[in-house]
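What follows is a single structure, written as structure tokens, with notes after it.
The values are calculated or read from the model by the stated rules, or taken from the named source; none is laboratory data. Since this is a predicted model, take the numbers as computed values, not measurements. Because the Cβ atoms are built from the backbone with ideal geometry, glycine has one as well, and the counts that use them run over all protein chains shown. Accessible surface is based on the protein model in full, side chains and every heavy atom, while ligands, DNA and RNA are left aside. Shrake-Rupley method; radii C 1.70, N 1.55, O 1.52, S 1.80 Å.
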Amino acid sequence: MKTRITLVSIMLLVCSLTMAQAQGKEKIQKYFSDAATEAKAASDPTEKRAILENSLSKMTKALDVVATMSSVPSTDLAGVQRLRASIQEKHDALAGLNGQTRIADEKLNAYANYLVQDMEQADTIVTISLVTLLLIIIIIILIL
Amino acid sequence: MAVLIASCASTLRVYEEALTKTASARYSVLFMIHGDANYVFHDTVGIAHFANEEALAKAHTVAQQNPEAEVFIFHDRPKSNAFLFFPQRDGDFFYYRNGRLAATHSYWRDEGVSRFATQAALYNQFSITGTPGTTDTSNMSGADARTSDSVVRMFVYFGHEIPEVEGLHYDASYPDSTLTIKKFSKDFQVFTANTKPFDLGVLSTCFNGTPYSVSSFAPYTRYLIASPTNVHLSYFDMAPLEHLERSLSNSDVHNFARKVATHAFNKLSSDVQTVVSVVLYDIQAVEQYVTSVNDAYMSSLLAIQSAPTLTLAHCDCADQAPFASPLMKNGVEVLYRPAQFGRDANKLQHSGWACWKLSK
């Protein structure tokens, strides 16, 4: 009986690891998509902007935490830093900081779509390993 | 045991043998859809889509809506196991003749000697264009009886950017294998080995509108549609390929290619906020430009080959001194709309050619 349970556990672990491998980048994409959907559903522009800024801030914090972890391979760090820079740029555009023109209220829905689509095209996410991507997701969940 | 046997058995199924042997076709379309990577994108209401599956569905629609064409569809799927342990085939093939599904097959993608060996064998087995001038026209009549030389041939490739430098992975299920445009185009020649080049090729990929990538396909097609920027995963819409007997009745491929490019551009522009560019390259007319910049471009590839991946970025060739030239306008028809937001929102024009730069 014990052997059978162990065997089933190993099979489930293999199965879940395979699924996780495919879903590393998808989780990050879904995070931004959910934030954009929530922002677009809000009626007040101030609320829309806050939702988007909040989602970007959480991701920035998660990336900062991951960047300081010794277990993160050095090959991932460049990708993490570039992703952080891209997110910071989007955050600056929302807030009108660092020389960027503040996104107008009436363009916030379109900007939310842009954010999702730009992240889906981001080659930096592809270069970050699965383990690091999952770490980022876990940290974001802990921050929530 | 049944699963094991099923996974090993040959799966070629021919549903319409008579159709494949006697019916005529004026058009031949080859769809190649790469799905062995992350192809998830989200629409504006947050619903996740699998781009490769949607491209596959559209390819089937094109095939069914073409009563005078043969349509090949090859779909690369991720490796998967039945009941965790029994590997399943990771390539699917569909062959339509005159709007009807004539044959299907599932295969292992790594069973051939080259990337497209298995696909080419199936292609040559069924294609009316496989051996020039030998199409069986005995059962055809009048205008329908034609040799393969008069068939209008097209290919469409959906996938991620095909890398130009060595060492980059492409297939998620084959982490030890790499792919380059050089290898891709070399292996691709099996589709033109026994016949004339394609009339129109479409690369629905990011950033393959470069002098090197375009020239790599020069031996295989007269016209090429590609993008020198990102292409969102919703891809080039191929609806204009439906009912080719209407849209391409006069066999004016150049004009038809314009319509395909314009439709894809308009659809993407209405759907996405990121940059959109669709470029039609007249392969013969661009030859002078790509030849003139070839040495400089190969030097840039050598330079980036040794650079860390993340310091690389694409740029408009018009913004790079060795590549900016009056010749770059010859033979290109550029449809471009900048991103609606971000640092490139103010870049209002594009030459239609992508080059490499080392980002700071």
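Couple of notes before you dig in:
- Selection within the stretch A:24-65 - more than 20 Å from A:Gln88 (Cβ to Cβ), more than 14 Å from every other protein chain (Cβ to nearest Cβ) and assigned to a helix (DSSP H, G or I): A:Pro45, A:Thr46, A:Glu47
- Residues that are small (Gly, Ala, Ser) and closer than 9 Å to B:Cys317 by Cα were ranked within the stretch B:331-360; the one that is nearest to the other protein chains (Cβ to nearest Cβ) is B:Ala354.
- As a summary of the residue check, A:Ala67 satisfies the conditions (1) among the hydrophobic types (A, V, I, L, M, F, W, C); (2) more than 21 Å from A:Ala36 (Cβ to Cβ); (3) crowded, with 16+ Cβ neighbours inside 10 Å except for the one numbered (3).
- Of the residues in the stretch A:84-91, none is closer than 20 Å to A:Lys58 by Cα, more than 14 Å from the chain's Cα centre (by Cα) and more than 11 Å from chain B (Cβ to nearest Cβ).
- Only helices (runs of 4 or more DSSP H) whose full extent lies in the stretch B:207-283 are considered here, and the ones with at least 3 residues that are within 14 Å of chain A (Cβ to nearest Cβ) and either open to solvent by less than 30 Å² (accessible area, probe 1.4 Å) or on the phi < 0 side of the Ramachandran plot (or both) are B:253-271.
- Among the criteria (1) modelled with pLDDT under 95; (2) in contact with a strand residue (DSSP E or B) (Cβ under 6 Å, 6 or more places away or on another chain); (3) more than 19 Å from B:Phe158 (Cα to Cα), the one B:Asp36 does not fulfil is (3).
- Scanning the stretch B:51-94 for residues that are in a helix (DSSP H, G or I), away from chain A (no Cβ under 14 Å), hydrophobic (A, V, I, L, M, F, W, C) and surrounded by 18 or more Cβ atoms within 10 Å (Cβ to Cβ) yields B:Ala55, B:Leu56, B:Ala59, B:Val62, B:Ala63.
- Summed over the stretch B:293-316, residues that are among the acidic types (Asp, Glu) and surrounded by 13 or more Cβ atoms within 10 Å (Cβ to Cβ) total 1.
One line per residue, one yes/no per condition, for (1) at the interface with chain B (Cβ under 8 Å from one of its Cβ atoms); (2) within 27 Å of B:Ala37 (Cα to Cα); (3) part of a helix (DSSP H, G or I):
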{"position": "A:Asn98", "(1), (2), (3)": "no, no, no"}
{"position": "A:Ile103", "(1), (2), (3)": "yes, no, no"}
{"position": "A:Glu120", "(1), (2), (3)": "yes, yes, yes"}
{"position": "A:Ile136", "(1), (2), (3)": "no, yes, yes"}
{"position": "A:Ile140", "(1), (2), (3)": "no, yes, yes"}
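- Of A:Ile136, A:Ile143, A:Ile87, A:Ile128, all but one fail to be among the β-branched types (Val, Ile, Thr) and open to solvent by 20 Å² or more (accessible area, probe 1.4 Å); the exception is A:Ile143.
- Selection within the stretch B:159-181 - more than 10 Å from every other protein chain (Cβ to nearest Cβ), surrounded by fewer than 18 Cβ atoms within 10 Å (Cβ to Cβ) and not in a loop (DSSP other than H, G, I, E, B): B:Thr178
- Restricting the stretch B:317-360 to residues that are of a type in the set (D, E, K, R) and touching a Gly at 6+ places or on another chain (Cβ under 9 Å), the residue that is most open to solvent (accessible area, probe 1.4 Å) is B:Lys329.
- Scanning the stretch B:162-176 for residues that are in contact with a strand residue (DSSP E or B) (Cβ under 9 Å, 6 or more places away or on another chain) and at pLDDT 85 or above yields a count of 8.
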